[in-house]
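Every read-out reported here was derived from the displayed coordinates using simple, explicitly stated rules and does not represent laboratory data. Computed from a prediction, not measured in an experiment: that's the story for all the values here. Neighbour counts are summed over all protein chains in view; Cβ atoms, including those assigned to glycine, are modelled from backbone coordinates with ideal geometry.
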Amino acid sequence: MGSILVVAEIQNGAIREASYELASVAQSLAGTSGREVKSLVMGSGIGALAEEFSKKGGGSVLVADDAALENYNVDAANAAVRAAVEAASADLILLSNTPSGWDVAPRLAAGLDAGFVGDCFRIDFDGGQFNFRRRVFNGKLDAHVSAIEGTIVATVQPGATPPFEGTTDGSTSDLSVGFEGVRAKFVETKKSDSTGVDLSKADIIVSGGRGVGAPEKFAEVIQPLADALGGAMGASRPVVDAGWLPHHYQVGSSGQVVQPKLYIAAGISGAIQHLVGMKSSNYIIAINKDPDAPIFEVANLGVVADLFDVVPALTEAVNGAKG
Amino acid sequence: MKIMVCLKQVPHQDARLDIDSAGTWIQESNIKFEINTYDTYALEEALRAKDEGECEVVVVSIGPDRTTQALRTALGMGADRAVHIKDEEADGSDALGLAKLLAAVAKEESPDTIFTGFMSDDDNFAAVPPMLAELVGLPHTTAAVKVVRGDSSLTVDRETEGGSYEVVELPLPCLVSVQTGINQVRYASLKGIMAAKKKPLDVKSVADLGLSGSVGAGAAKVKIEKIAPPPKGDTAELLEGSTDEVVAGLVTKIKELGLL
Ligand SMILES: Cc1cc2nc3c(=O)[nH]c(=O)nc-3n(C[C@H](O)[C@H](O)[C@H](O)COP(=O)(O)OP(=O)(O)OC[C@H]3O[C@@H](n4cnc5c(N)ncnc54)[C@H](O)[C@@H]3O)c2cc1C
């Protein structure tokens, strides 16, 4: 029988929270599937972090410590994971669905001729096989996926599982990795120039999504409500992608993460990448004509209606209430 | 120079999602299909390279008869040739099976660059592009938001998290999966659509690609057992009634929150 290999990630000099979530998934599957938990910690000068991970759910930690792993590089990371899979005799390999997971996990699966399941929010072992749950159609439906046979690589959605708590017995050992095949070259990391609105300071945000339908509707329908409430306007990604609004309006995993006192989402379906940007808001109101839109799962108050009926009427009522 | 673009035809973003009788996918009869959003940006990125100089753009898609429509649209937008992998034997392929089919075409075509979308709007796997790169033996990156073409390499900004980017340099040939918003996608012109009718569209079977027995449901390593609406958790309290009633309820709530 194989083992479960957790591929941990280092971010800003620490093991990422998502990696402790993987450890917790792995530890519970170890119990149900009778497998041992092993991990890979990779980077440069990371011995202490590897030690720490081994005591917090990582089990037997393989340590790939090399200057080639200092900055994230898809080929170097892939080489390290390949070496770890072999050293660990792993048949379930878990990575986080993060920018490095997007790059490495499917490539690894193809290299191992293994099955792949991406962005799972739950993994179980029953009936002698691993079973996975993941969202499809941008969060509108759940798929139950089973692994038929052989080695499986899976990525896990960050934030879907509580991180591993407590301490475990663990050990570390050095893993040697060959980096001959590295072709991609890391140049630099950069931040988007954050000129524009800082949504994180707004008490009230009124966001519009693809359902708003046209660029001028933001000025005509969404902005007036934001103004009436003394708040700021936000948007989902397709609005920004289409060039309707600049990037600094975007809320979500690749935009701003906000936590206002009130967040109003109009014509936004509630894909996970949007939700991570606003779900910690103090109070959420969703207006959407689709009663099954996932946004209603995180909203406190919902209105199933056409936003073009509700939003202008609300703007008028708010202006009226202010006298 | 040659650029290959992989396209998937997916249910329209506003299509009704009714579950099929087997309970393993949605009902695909009677709904509209479109080119996967991410892939339209990949195609546009290729067409921009073509606008700048000598370059052939080949679009490739796997799917049933209806997929012809997506390929014709791509040809109408300016692609030069299309390859349609159409074969019932490919049905039920997992991501690796699909990547094998595309890899067989990529090996025949030997493009300098392969552009794909970052993921598909229907199954949201984001798996085929890196798999394809591995099978063809190309370097790759994912989630590109900017591509700068050099003589023998591409310099790519890939989007990471929270407004950060990673800049990577990839030697050619390579594969780049493209994020939405990287460019503004053109529409097919009427003239383009007319011209597309005469452009070559090759149909290939699984056997043509030498993959009989290694793709399709029988070769899949993972399988969708069931598809279902997400269990309703703590959903929102819903305000019902006329627009006036709903608005009154919203105003009351906003006042309660001390924000009005
Ligand atoms: C790596 C990655 C990063 C991403 N980052 C982000 C991010 O930072 N932010 C983000 O938002 N997305 C992000 N996305 C995209 C995300 O997956 C979704 O595609 C996006 O959030 C969908 O936006 P939407 O809800 O506006 O559009 P849709 O999902 O198309 O939803 C539109 C909604 O409007 C409703 N609607 C339509 N007309 C009306 C009407 N008249 N009245 C009321 N309701 C109406 C519909 O019922 C539907 O629910 C990212 C994706 C990836 C892969």
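When both bridge partners sit in the protein assembly as shown, DSSP labels roughly 35% of those beta bridges antiparallel.
Classify the range A:202-308: rounded, prolate or oblate, from the alpha-carbon gyration tensor (a ≥ b ≥ c, eigenvalue square roots; a/c under 1.5 rounded; otherwise prolate if a/b is larger than b/c)? Before the final figure, lay out the partial values.
Details: a/c = 1.17, a/b = 1.10, b/c = 1.06.
In terms of gyration-tensor shape, rounded.
Using a simple spin-label model with pseudo-atoms 7 Å out from Cα toward Cβ, A:D169 and B:A22 lie 4.7 nm apart. Reducing the range A:266-291 and the range B:142-176 to their Cα centroids gives an inter-centroid distance of 31 Å. Rg over Rh for the protein assembly as shown works out to 0.97, both radii taken from alpha-carbon positions and Rh defined as the Kirkwood radius.
In terms of surrounding Cβ atoms within a 10 Å radius of their Cβ, A:T151, A:T32 rank from fewest to most as A:T32, A:T151. Computed from the C-beta positions of B:E225 and A:E86 and an R0 of 30 Å, the FRET efficiency is 0.50 to the nearest 0.05. Listed by chain and number, the aspartates and glutamates whose C-alpha is less than 13 Å from the C-alpha of B:K199, apart from same-chain residues fewer than 8 away, are B:E56, B:D80.
Distant-in-sequence amide contacts of A:A299, defined by a placed amide H-H separation under 5 Å and a gap of 5 or more residues or a different chain, comprise B:A236. Between the range A:152-225 and the range A:18-42, the alpha-carbon centres lie 23 Å apart.
Karplus-based coupling profile of the range A:168-183, in residue order and whole Hz: 10, 6, x, 8, 10, 8, 6, 10, 9, 10, x, 10, 4, x, 6, 10, with θ = phi - 60° in 6.51 cos²θ - 1.76 cosθ + 1.60 and x standing for Gly or Pro.
Could you give me the ³J(HN,Hα) list for the range A:39-49, computed from phi with Karplus coefficients 6.51, -1.76, 1.60 and θ = phi - 60°, whole Hz, x at Gly and Pro? So the J values, rounded to whole Hz, are 9, 10, 10, 10, x, 10, x, 10, x, 5, 5.
Rounding to the nearest 20 debye, state how big the charge dipole of chain A is about its Cα centre with +1 on each Lys and Arg Cβ and -1 on each Asp and Glu Cβ.
Working: 24 positive and 37 negative charges, 101 e Å.
Taking the Cα centre of chain A as origin, the dipole is about 480 debye.
Out of the DSSP beta bridges found with both residues in the range B:1-127, what percent are antiparallel (nearest 5)?
Working: 4 of 19 bridges.
Among the beta bridges of the range B:1-127, antiparallel pairing accounts for roughly 20 percent.
Taking every C-alpha pair closer than 8 Å and separated by at least 6 residues, the mean separation divided by the residue count of the range A:69-166 gives a relative contact order of 31 percent. Could you give the distance between the Cα centres of the range B:70-102 and the range B:13-45, to the whole Å? Centre-to-centre distance over Cα atoms comes out at 15 Å.
Residues whose amide H falls under 5 Å from that of B:Q27, counting only those 5 or more places apart or on a different chain, are B:D18, B:I19, B:D20, with hydrogens built in the peptide plane. Its DSSP H runs of at least 4 residues, each contributing -39,500 (n - 2.57), put the calculated 222 nm mean residue ellipticity of chain B at -8500 deg cm²/dmol, to the nearest 500. Our estimate of slack between B:D14 and B:S29, defined as 0.36 nm per intervening residue step minus the Cα-Cα distance, is 3.9 nm.
Would you mind telling me the antiparallel percentage of the DSSP bridges in the range A:3-174, rounded to 5? All intermediate terms of the calculation are to be shown ahead of the outcome.
Numbers: 14 of 41 bridges.
Once the DSSP bridges in the range A:3-174 are tallied, antiparallel ones form about 35 percent.
Taking the Cα centre of the protein assembly as shown as origin and charging only Cβ (+1 Lys, Arg; -1 Asp, Glu), how large is the dipole, in debye to the nearest 20?
Numbers: 51 positive and 78 negative charges, 148 e Å.
In debye, rounded to 20, the protein assembly as shown gives about 720.
Would any residue of the range A:175-216 have its amide N under 18 Å from a label point 7 Å out along Cα→Cβ of A:D309? List them or say none. Those under the cut-off are A:211-213. With the simple spin-label model, which puts each label point 7 Å out from Cα in the Cβ direction, the A:E216 to B:E161 separation comes to 4.1 nm. Could you give the longest part of chain A that holds none of the GluC sites (Glu not before Pro) found in DSSP loops with at most 11 neighbouring Cβ atoms within 10 Å? That gives A:1-148 as the longest site-free run. Sorted ascending by nearby beta carbons within 10 Å, beginning with the fewest, B:W25, A:W102 become B:W25, A:W102. Proximity of backbone amide H atoms, modeled 1.01 Å from N, is registered between A:F130 and A:A147 at under 5 Å, excluding neighbours fewer than 5 places apart on the same chain. Over the residues of chain A, the helix contribution to mean residue ellipticity at 222 nm works out to -8000 deg cm²/dmol, using -39500 (n - 2.57) for each DSSP H run of at least 4.
Within the set A:K185/B:K223; A:K185/B:K221; B:K32/B:K191, which residue pairs have Cα atoms separated by over 29 Å? Don't jump to the answer; show the numbers that get you there.
Values: A:K185/B:K223 36 Å; A:K185/B:K221 32 Å; B:K32/B:K191 24 Å.
Going by Cα-Cα distance, A:K185/B:K223; A:K185/B:K221 fall outside the 29 Å limit.
The angle between the Cα long axis of helix B:95-109 and the longest principal axis of the Cα atoms of chain B comes to about 30 degrees, rounded to the nearest 10. Net charge within 13 Å of B:K197 by Cβ-Cβ distance, Lys/Arg positive one each and Asp/Glu negative one each, not counting B:K197 itself? The answer is +4.
In the structure shown, the pairs A:K38/A:K279; A:K289/B:K255; A:K38/A:K191 are assessed against 30 Å; a Cα-Cα span above that value is assigned to A:K38/A:K279; A:K38/A:K191. Between the exposed loop cleavage positions of chain B, defined as GluC sites (Glu not before Pro) in a non-H, G, I, E, B DSSP state with at most 12 neighbouring beta-carbon atoms within 10 angstrom, the longest gap is B:55-239.
Compute the long axis of helix A:74-88 from its Cα atoms, compare it with the longest principal axis of the Cα atoms of chain A, and write down the angle in degrees, 0 to 90, nearest 10. Roughly 50 degrees between the two axes. Across the range B:64-73, computed HN-Hα scalar couplings (Karplus, 6.51 cos²θ - 1.76 cosθ + 1.60, θ = phi - 60°) run x, 3, 4, 5, 3, 4, 5, 5, 5, 4 Hz from first to last residue, x flagging Gly and Pro.
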